[in-house]
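Step one of this worksheet: look at the structure below.
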Amino acid sequence: MQNAILIKGGAPKVGPRVEIARSFSFKLNLGNYQSADFFCSQKSECAAEDAEQASEALYAFCRKQVMKSVSDFQIELARKEAMQAQRRTA
């Protein structure tokens, strides 16, 4: 019994749980009547008392993911435009 663990009071009480769903979307105007849409959605489950904090964290995560995708898209678009300009001048 040296390695036995004594738990008093039984299993810890679990309060009410809630599911949080947050999302973020961004529309990038490309000009010439074109646009690109970016979207991220995330869900999480947490204790009811942690809902506000969890919601804020999910929103921050979604926004960060979308803005990273927008940045990556713009870099790729600029690279393609530079290659096309280079071809025209060659």
**Study point:** Residues that are modelled with pLDDT of 95 or more and among the basic types (K, R), drawn from the stretch 50-90
**Key:** R63, K64, K68, R79
Point to revise | Counted residues, the stretch 44-76 - those being without any contact (Cβ under 8 Å) to a residue 12 or more places away in the chain and surrounded by fewer than 15 Cβ atoms within 10 Å (Cβ to Cβ) | key: 10
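The values are calculated or read from the model by the stated rules, or taken from the named source; none is laboratory data. Keep in mind that what you see is a predicted model, and the values were worked out from it rather than measured. We place every Cβ from the backbone using ideal geometry, glycine too, and count neighbours over all the protein chains shown.
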